[in-house]
1. Return the residue satisfying two criteria in turn: it lies in the range 93-121 and is open to solvent by 60 Å² or more (accessible area, probe 1.4 Å) and within 18 Å of Thr136 (Cβ to Cβ), and of such residues it is farthest from the chain's Cα centre (by Cα).
2. Looking at Ala90, Ala78, which is the one that is open to solvent by less than 40 Å² (accessible area, probe 1.4 Å), in contact (Cβ under 8 Å) with a residue 12 or more places away in the chain, touching a Ser or Thr at 6+ places or on another chain (Cβ under 8 Å) and not in a strand (DSSP E or B)?
3. Criterion first (free of Cβ contacts under 8 Å to residues at least 24 places away in the same chain and closer than 18 Å to Ala182 by Cα) does Thr168 satisfy it?
4. Any idea how many residues of the range 54-71 are touching a Ser or Thr at 6+ places or on another chain (Cβ under 7 Å) and modelled with pLDDT under 95?
5. Can you run down the residue pairs with Cβ atoms below 7 Å, 6 or more apart or on separate chains, where the first is in the range 116-142 and of a type in the set (Phe, Trp, Tyr) and the partner is open to solvent by 90 Å² or more (accessible area, probe 1.4 Å) and at pLDDT below 85?
6. Considering only residues that are farther than 17 Å from Asp116 by Cβ, free of Cβ contacts under 8 Å to residues at least 24 places away in the same chain and of a type in the set (A, V, I, L, M), which ones fall in the range 171-187?
7. So which of Glu68, Glu5 is open to solvent by 80 Å² or more (accessible area, probe 1.4 Å) and not in a strand (DSSP E or B)?
8. Quick one: is Arg183 basic (Lys, Arg), in a strand (DSSP E or B), out of contact with any helix residue (DSSP H, G or I) (no Cβ under 6 Å at 6 or more places or on another chain) and crowded, with 16+ Cβ neighbours inside 10 Å?
Amino acid sequence: IKRTETWAAFGSLSYSLSATTVRAELRYTQESKALLAGTDTTDANYRKVGEKTFPMWTPRFTIDYRREDGPLLYGSIAKGAKAGGFNAAAPTPGELPFEPETNWTYELGLKSQWPDRRLLLNLAIFDSEMEGIQITNQSPNGPAVFITRNGGSGRSRGFELETAYRPTDHWACSFTYSLADARFKQATDSSLR
């Protein structure tokens, strides 16, 4: 049996000057996880196989620029995190725990509506740098046993484009395209090589 207790706190500050707005946000999340084993349904008969608390600070910084009805230009830097945990079916003690996964994501973008709001153009370019990527694959120590473990570092880069055009009040056309080039930079799991 797996048990998880989570609590979080969040705060933000923003400052605007003319057409520019700067924001700083910070979230603190704490996840406490436990893996229990036993044969009865009462808590007294369970024993803790593993227990760990994962504290995670995830800041985010953004800057927006927009003058009157003009396009919105923005940039952001943000950290993401996913807590670690335990593999209940781990065939060996070393495969029981896995660590958190984190990433830093950098994004630049444009959101705009052109004359008479008949033309829309949105563009976002991003780069995400990941550490401790959590993957699920077969354990080398047990047939047909799949566990989660940390597979190394990686990155994902790409862009998203969205356009829409309304030539008349009764006709509209749109086009969207996205590209993400994701790959491992350093794989620590032999099955990824």
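1. First pass over the range 93-121, keeping only residues open to solvent by 60 Å² or more (accessible area, probe 1.4 Å): 93-94, 97, 99, 104, 106, 108, 111, 113-119.
With the extra rule that they be within 18 Å of Thr136 (Cβ to Cβ), the set shrinks to 94, 97, 99.
Numbers: Gly94: 26, Pro97: 21, Glu99: 15 Å.
Taking the candidates together, the pick is Gly94.
2. On the way: Ala78 fails: not in a strand (DSSP E or B).
Only one candidate qualifies: Ala90.
3. Values: free of Cβ contacts under 8 Å to residues at least 24 places away in the same chain: yes; closer than 18 Å to Ala182 by Cα: no.
So Thr168 fails the test.
4. Looking only at that region, the number is 1.
5. Taking only residues 6 or more apart or on different chains, not a single pair turns up.
6. The initial filter retains those residues of the range 171-187 that are farther than 17 Å from Asp116 by Cβ, namely 175-187.
From what's left, free of Cβ contacts under 8 Å to residues at least 24 places away in the same chain: 175-179.
Listed by number, the list holds a single entry, Leu179.
7. Details: Glu5 fails: not in a strand (DSSP E or B).
Checking each option against the conditions leaves just Glu68.
8. Values: basic (Lys, Arg): yes; in a strand (DSSP E or B): yes; out of contact with any helix residue (DSSP H, G or I) (no Cβ under 6 Å at 6 or more places or on another chain): yes; crowded, with 16+ Cβ neighbours inside 10 Å: no.
Answer is no for this residue.
The values are calculated or read from the model by the stated rules, or taken from the named source; none is laboratory data. Here the structure is a predicted model, which is why all the values come from computation and not from measurement. Here the Cβ is made from the backbone with ideal geometry for all residues, glycine too, and neighbour counts use every protein chain on show. When the accessible area is computed, the model is the full protein with side chains, heavy atoms only, and any ligands, DNA or RNA have been set aside. Shrake-Rupley method; radii C 1.70, N 1.55, O 1.52, S 1.80 Å.
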